[in-house]
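Since every read-out is calculated from the coordinates, none of them should be taken as a lab result. All figures in this text were calculated on a predicted structure; none of them were measured in a lab. Here the Cβ positions follow ideal geometry from the backbone for every residue, glycine too, while neighbour counts run over all protein chains shown.
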Amino acid sequence: MEEPGTVYFTGTAGAGKTNLVHAFRTWLKGEGYEATILNLDPGNENAELEPDVDIREWVRLAEVMQEHELGPNGAQVAAADMIALKVFDVKQALSEFRSDYVLVDTPGQIELFAFREASRAIVDALSGERSTIAFLFDPALARTPNGFVSLLLLSATVEFRFRLPTVNVLTKTDLLDAARREEILGWGDEPGLLYDAVTRETATPDLQLSTELFRAMEAMAPLATLLPTSSKAMTGMDAVYRQLQANFAGGEDLEASQGPTEE
Ligand SMILES: Nc1nc2c(ncn2[C@@H]2O[C@H](COP(=O)(O)OP(=O)(O)OP(=O)(O)O)[C@@H](O)[C@H]2O)c(=O)[nH]1
Ligand SMILES: [Mg+2]
């Protein structure tokens, strides 16, 4: 059997990672695909949305705090390194599931996932040929031009760190009215609109910075498109799926001709 496609869901704290992982699994199931959910967040306390394989079986934030007398942030850092040591146990646990996809829920503190050497080791160990990142844009941040630019840079940083193709996803669109939603999506599709919005937002624009940033944004334009989703309303999953497939295939949708796993 072909190895499963692995998708790392990442984004700022509260961006909607855990909910999207579960909503996307539900959607995949409806399409006839099996997906395994791996939780890599040692501090995940969501009792309702249960993963199939849970890093907390090996590393729990509360226990790390207690045993090593650390505060929550120090414990997160220590836990990130401990997780890397458990990666082969995680792989073993995953191999017991027969699935088309592995959906990975990552720690809420994105800097732990994005910047630490340990997470690169984990991603390298878990990723096969078909791996990709879904970077989540929280509308609470993406709704201002400034916040949007910051998230775009963060997404590019994550892609640069892991060298994996990335799909940018706007979450919780059920919370946005249509005009606001279109405005945010427009910033992703048209660098000119984003530039205008950024310069309008800043009362006394630092022209030099804005111009340089704009050039970078223009260069990043192919990466900036956002796919709108709502885990609550179950919308946008099909477009995310198509883009993930394109990423797995390196541009073309091979899966379309393969069809789902036969039971
Ligand atoms: N309205 C709405 N709320 C959502 C949606 N997705 C997530 N939320 C809410 O946003 C909050 C954070 O969602 P989570 O899925 O826990 O986000 P997360 O990125 O996993 O959060 P951390 O792991 O704590 O960083 C929760 O209160 C969710 O109920 C959505 O599609 N629509
Ligand atoms: Mg979460």
Percent antiparallel among DSSP beta bridges confined to the chain, nearest 5, equals 5
Computed, not fitted: 222 nm per-residue ellipticity of the chain from DSSP H runs ≥ 4 (each -39500 (n - 2.57)), nearest 500, equal to -15500 deg cm²/dmol
Summed over the other residues with a beta carbon less than 11 angstrom from that of THR225, with K and R at +1 and D and E at -1, the charge totals -2
Taking segment 124-201, the equivalent ellipsoid from its C-alpha gyration tensor has semi-axes in Å, biggest first, of 26, 14, 10
For segment 106-233 the mean separation of alpha carbon contacts under 8 Å (6+ apart) over residue count, i.e. relative contact order in percent, is 28
Using eta = 0.890 mPa s and T = 25 °C, Stokes-Einstein with Kirkwood Rh from Cα pairs puts D for segment 5-132, in µm² s⁻¹, at 166
Restricting to Cα pairs under 8 Å and 6 or more apart, the percent relative contact order of the chain works out to 23
Computed about the Cα centre, the charge dipole of the chain from +1 Lys/Arg and -1 Asp/Glu charges at the Cβ has a magnitude in debye, to the nearest 20, of 480
In whole angstrom, the spacing between the Cα centers of segment 33-77 and segment 109-177 equals 19
Neighbours of GLY16 by Cβ distance under 9 Å: Lys/Arg at +1, Asp/Glu at -1, summed charge +1
Taking every other residue with Cβ under 11 Å from the Cβ of LEU175 and scoring Lys and Arg +1, Asp and Glu -1, one gets +2
For segment 1-63, inverting the pair-averaged 1/r of distinct alpha-carbon atoms gives a Kirkwood value in Å of 12.9
Taking Cα pairs closer than 8 Å and at least 6 residues apart, the relative contact order of segment 37-135 in percent is 32
Least to most buried among HIS22, HIS68, by other C-beta atoms within 10 Å and fewest first, runs HIS68, HIS22
Interchain or sequence-distant (5+) residues whose placed amide H lies within less than 5 Å of the amide H of ALA134 are TYR8, PHE9, THR10, VAL167
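Taking loop as defined by DSSP and a crowding limit of 11 other beta carbons within 10 Å, which trypsin sites (Lys or Arg not before Pro) in segment 70-152 fit?
Within segment 70-152, the qualifying trypsin sites (Lys or Arg not before Pro) (loop, at most 11 other Cβ atoms within 10 Å) are ARG98.
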Taking alpha-carbon centroids only, segment 230-247 lies from segment 89-104 a number of Å equal to 21
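Using just the Cα positions, wrap segment 58-211 in a convex hull and report its mean projected area in square nanometres, one decimal place. Don't jump to the answer; show the numbers that get you there.
Details: hull surface 49.3 nm².
Averaged projected hull area, Cα only: 12.3 nm².
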From fewest to most C-beta neighbours within 10 Å, the residues LEU154, LEU136 line up as LEU154, LEU136
Set LYS17/LYS86; LYS86/LYS172; LYS86/LYS232; LYS29/LYS86; LYS29/LYS232, cut-off 26 Å on Cα-Cα distance; pairs above it are LYS86/LYS172; LYS86/LYS232; LYS29/LYS86
In Å, the Kirkwood hydrodynamic radius from C-alpha pairs for the chain sits at 19.2
Any residue on another chain or 5+ positions along whose placed amide H is under 5 Å from the amide H of GLU34 is listed here as ASP100, TYR101, THR261
Comparing GLU117, GLU183, GLU212 in a Gaussian network model of the chain (Cα, 10 Å), the one with the largest mean-square fluctuation is GLU212
